[in-house]
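The values are calculated or read from the model by the stated rules, or taken from the named source; none is laboratory data. Quick caveat: nothing in here was measured; it's all calculated off a predicted structure. Positions of Cβ are generated from backbone atoms using ideal geometry, with glycine treated the same way; all protein chains shown enter the neighbour counts. Surface accessibility is based on the protein's heavy atoms, side chains included, excluding ligands, DNA and RNA. Shrake-Rupley method; radii C 1.70, N 1.55, O 1.52, S 1.80 Å.
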Amino acid sequence: MDSAEVDATHKRKLYKASAAALRTRNPIRELIEGLDLRSNPHKTVIPLSIGDPTVFGNFRTADLINEAVIEAVRSGRANGYPPAVGTEAAREAVAQAANEVLAEAARRASSASFRGSRRNSSSDGYLNGAREGSRGSLVDAAAHYEKRDVILTSGASHALDLCFSALLDPGDNVLLPSLSFPLYETICAYLGAQVRRYPAVRPTSFVDERTICIVLNNPMNPCGSVYEREHLREIVAFAERHHLVILADEIYGGMVFDRLAGDRGGWPGPLDAPPSTGLAKRFLVPGWRMGWILIHDPTPDEQFAAVRRALEGLSMKILGPNSLVQAALPSILTKVNRQWHESVRATLARQARFAYEQLSHIPALLVPSRPRGAMYVLVEIQHDGMTGLEFVQRLMAEESVLVLPGECFGAPPGYFRVTFCAPMDKLSEAFSRIANFCHRHFTAD
């Protein structure tokens, strides 16, 4: 073959991408890339779109957290490769922290039940009710974690990726909430698994022999909803009946600011429930990429053992998360005091109330659900003349306020999501601009 033929062959050759890569999609990117998001050059952009609490600088992590990482750097003891599943000290710290949260939640639940039984004038009635609710079921099984139950990951997103990868084969299907974080769909598409969005109640009709797991995001992105205790128990019972794994994404755990919503401080732990969570949101360090999986298997013969081994094997793909943050993790989880967390939560509560009240009073907008946790509020546009995508694009062009269309999260046309982490003055200005926009476009009718 002469040189001309070689050149022609090289020109004809196409380099193939994998089928898995080609079917992987990011719903947010697909929607946003199709929009013209140029801002009004005469107004400073106020981004209320990204789920990063640190963007504006008003939410800052505790000094102790920074100092723990600095100490890990100075010690020189965290410069080598850690075990793929995480160091023993860090995994033990995560397990202990989870156990303490569950113990506190159990005390609150017991206290509430006792008060209820006193109102019913019969403590015996309460005890019988508890037994009626159990009846050999795993619904009330208490969780207790050991370090072997913990796998450290490079952020909660990586934890989700490992969980889905350990559970799903091509053709399997997953139950997702009707509104949910789009990364779930992205990972499932890569794995060749089908997504089925279930309503808040009675998802039974969505289950078949290829249904493997049900995802629970609590508190919820994109609307800030928090499941009440009884509803959680119903989901667990449903999963038990259909032999489904519960994948509990609790990255916003500890960020509940409406106690009436049934905040128990964490997942109850019944049934095969590997909650993926991490430092990102609650400790205000999303860029540090430290998450974890907690594996709970209450079955007497460890029926979850194969999945446990799969998760451990998959963790070898990146050989463990950041060693410096792992070294700091025991200090972060044990020494950051409750007052700091309460201060963050109180600030979120004030801003959530402000967002709800301001947006609820704008013509043609409706907030279907008051945010009770996380840092988002979902808003409905009650006007047929504009979809969520159009609203986002035109709001940016006219008022330089960036929000995300609800379609990114599985909502029907006509919704948008607001992140309320910006300082109060920025929120006030942004909501004033949104109100002006709505007055111009919707009140003339």
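In nanometres, what is the gap between the two model label sites at Glu67 and Asp425, each 7 Å from Cα along Cα-to-Cβ?
If labels sit at Glu67 and Asp425, their model points lie 3.1 nm apart.
Charges at C-beta only: +1 for Lys and Arg, -1 for Asp and Glu. How large is the resulting dipole of region 389-445 about its Cα centre, in Debye rounded to 20?
In total the dipole reaches around 80 debye.
Within region 292-343, list the GluC sites (Glu not before Pro) lying in a DSSP loop whose Cβ has at most 15 other Cβ atoms in a 10 Å radius.
Answer in residue order: Glu302.
How many percent of the accessible area of region 390-445 is carbon or sulfur, using a 1.4 Å probe?
49 percent
Between Arg353 and Leu37, take the C-beta separation as r, use R0 = 30 Å, and let me know the FRET efficiency to the nearest 0.05.
After rounding to 0.05, the efficiency reads 0.55.
Label Arg29 and Thr443 with points 7 Å out from Cα along Cα→Cβ: what is the distance between them in nm?
4.1 nm
Give, rounded to the nearest 20 debye, the magnitude of the charge dipole that region 48-99 has about its Cα centre when Lys and Arg contribute +1 at Cβ and Asp and Glu contribute -1 at Cβ.
My answer is approximately 80 debye.
With every protein chain left in place, what is the accessible area per residue of region 296-350 in square angstrom, probe 1.4 Å?
Heavy-atom SASA per residue in region 296-350 reads 52 Å².
In region 38-104, carbon and sulfur make up what percent of the accessible area (probe 1.4 Å)?
So the carbon and sulfur contribution to the accessible surface is 51 percent.
Taking the full set of protein chains and a 1.4 angstrom probe, give the accessible area of Ile28 in square angstrom, rounded to the nearest 10.
For Ile28, the solvent-accessible surface is approximately 40 Å².
Quick check: with the 1.4 Å probe, what order do Lys16, Lys426 take by accessible area, largest first?
In descending accessible area the options line up as Lys16, Lys426.
Can you pull out the trypsin sites (Lys or Arg not before Pro) in region 46-96 whose DSSP state is coil and whose Cβ has at most 14 other Cβ atoms within 10 Å?
Arg60, Arg77
In region 206-238, which trypsin sites (Lys or Arg not before Pro) fall in coil by DSSP and have 14 or fewer other Cβ atoms within 10 Å?
Passing both the DSSP loop test and the Cβ count: Arg210.
What accessible surface, in Å², does a 1.4 Å probe find on Arg196, ignoring ligands, DNA and RNA and rounding to the nearest 10?
50 Å²
Would you mind classifying region 303-401 by shape? Square roots of the alpha carbon gyration tensor eigenvalues, ordered a ≥ b ≥ c; an a/c under 1.5 is rounded, otherwise it is prolate if a/b is larger than b/c and oblate if not.
In terms of gyration-tensor shape, prolate.
If I compute solvent accessible area with a 1.4 Å probe over the protein chains, what percent of it on region 156-230 is carbon and sulfur?
For region 156-230, the apolar C and S fraction of the accessible surface comes to 53 percent.
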